[in-house]
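Structure record follows, encoded as structure tokens.
The values are calculated or read from the model by the stated rules, or taken from the named source; none is laboratory data. Computed from a prediction, not measured in an experiment: that's the story for all the values here. A quick note on method: Cβ atoms are made from the backbone with ideal geometry, for glycine too, and the neighbour counts reach across all protein chains shown.
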Amino acid sequence: MAPSKRVARFVAGSDKARPLWERSSIRPAPQTSAIVRTQGFVLPQFPSGAATPTSIVDALKAVAGLPPKARASFSWGQCVRGTYSPSHQAKEITKSRSFTKPSRVLARFSADGCTPDAVVTGRCSLRGFSFRLGSEGQRSAIFTQSAPVHFARTLDQMLAFLQARMPGPDGKQDMAQVEAFSAANPETLHQASYLAVHPPPASLACTTYWGVHAFPATNAKGETRFIKFKVAPVGEEGRPPEDAATAEFTGFLRGELEARIRARDVRFSVLALLDQPGDPVMDVTNRWPDEDAREAVRLGTIVITGTESNEACDGSAFNLAEGIGHPPDEMFAARRAAYAISQARRR
């Protein structure tokens, strides 16, 4: 069945006027009226509780032992440039010109869990790939990572997760405290469990990247449905056995990526995973049922053509052009705000 026909099922009749998340079994958390401004960016409202985007940034840096000017997460990285070519199917999913028109791409490969100058990058178990595409006034910025779930469902849970891992006076974590938190919050183990079974390949260019948020996508007919982004390498994926030890001990991620770029060997398909009734669009710690077997539409292809200075990738993150809406889950708004705070501190 064509995607456009399936979309109509979710927007027909009186149901069209209801917010998409009201058609899900999960509801948005109650919100306060607090608004914060950072470098001209208006931070969205957040549920009441101990956690704030600022406290999350502070906790991330404290747990990782990062210097003041470092990114709060995914601090190791390489900025790159490239091109995006849309598929003929993209317009069936979204009217966003950022995904339906050819454009230049500014992207960043990254790794979390290590310092910006890390040598042993094999210890950085979570990889990231963020990309900005589209023309002036019609740009979208999407973040994807090498695990299909986030490690916390709410801002308060994320802060508690990090606080449980704060190093003590001896510089070590209290493992009893970590285990107690994990037992009380089993969903916070989903990401680590996935990575334990699916370690990232030795090459950044051979990694599959997932978007953990559900985005409401609207096409030119006004039909809206939730999608999740998936960025898959074009060509063989996997860790070459002979490269595994090299990746662990020499930290060759950047050099290997640069060699592939020179060989014009870095291509990705940008895919939209299509929702089904009852999908948990508000919970980023859980995958959609049978997500690996989901119907997916190829929106287009990204080709990486060169490297850029890492400063070039500083700028507006999480912007979305018309046709791609903001995910309704609490963590998307929190991550967007935390990025703005972290970026302001780096200046």
If you scan the stretch 297-318, which residues turn out to be modelled with pLDDT of 95 or more and closer than 27 Å to Phe226 by Cβ? Val297, Arg298, Leu299, Gly300, Thr301, Ile302
For the stretch 231-249, indicate whether the set of residues that are within 18 Å of Arg127 (Cβ to Cβ), touching a Gly at 6+ places or on another chain (Cβ under 7 Å), at pLDDT below 80 and buried (at least 20 other Cβ atoms within 10 Å of the Cβ) is non-empty. yes
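Tell me yes or no: at least one residue of the stretch 325-332 is in a helix (DSSP H, G or I) and closer than 16 Å to Leu273 by Cα.
No - not one qualifying residue is present in the stretch 325-332.
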Selection within the stretch 137-195 - of a type in the set (D, E, K, R), loosely packed, with under 14 Cβ neighbours inside 10 Å and not in a helix (DSSP H, G or I): Asp170, Lys172
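Residue check: is Asp275 closer than 24 Å to Pro186 by Cα and out of contact with any Pro (no Cβ under 9 Å at 6 or more places or on another chain)? Reasoning before the result, please.
Values: closer than 24 Å to Pro186 by Cα: no; out of contact with any Pro (no Cβ under 9 Å at 6 or more places or on another chain): yes.
In short, no.
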Select from the stretch 203-234 the residues that are under 14 Å from the mean Cα position of the chain (by Cα) and of a type in the set (Phe, Trp, Tyr) and write down the one among them that is farthest from Ile304 (Cα to Cα). Phe215
Output the qualifying pairs, or none if there are none: Cβ atoms under 6 angstrom, residues six or more apart or on different chains, first residue in the stretch 151-171 and under 13 Å from Ala62 (Cα atoms) and in contact (Cβ under 8 Å) with a residue 40 or more places away in the chain, second residue in a helix (DSSP H, G or I) and not hydrophobic (A, V, I, L, M, F, W, C). Leu159/Ser55
Can you name the residue in the stretch 328-347 that is closer than 18 Å to Ala70 by Cβ and not hydrophobic (A, V, I, L, M, F, W, C) and, of all such residues, is surrounded by the fewest Cβ atoms within 10 Å (Cβ to Cβ)? Arg347
Out of the residues in the stretch 252-309 that are more than 25 Å from Lys91 (Cα to Cα) and touching a Gly at 6+ places or on another chain (Cβ under 7 Å), state the one that is surrounded by the most Cβ atoms within 10 Å (Cβ to Cβ). Ile261
List, please: which pairs have Cβ atoms under 6 Å, are six or more places apart or on different chains, and start with a residue in the stretch 212-234 that is farther than 16 Å from Glu92 by Cβ and end with one that is outside any strand (DSSP E or B) and polar (S, T, N, Q)? Ala232/Thr208
In the set Val270, Val281, the lone residue that is β-branched (Val, Ile, Thr), modelled with pLDDT of 90 or more and assigned to a loop (DSSP other than H, G, I, E, B) is Val281
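Is it the case that Ala205 is surrounded by fewer than 19 Cβ atoms within 10 Å (Cβ to Cβ) and either touching a Gly at 6+ places or on another chain (Cβ under 6 Å) or not in a loop (DSSP other than H, G, I, E, B) (or both)?
no
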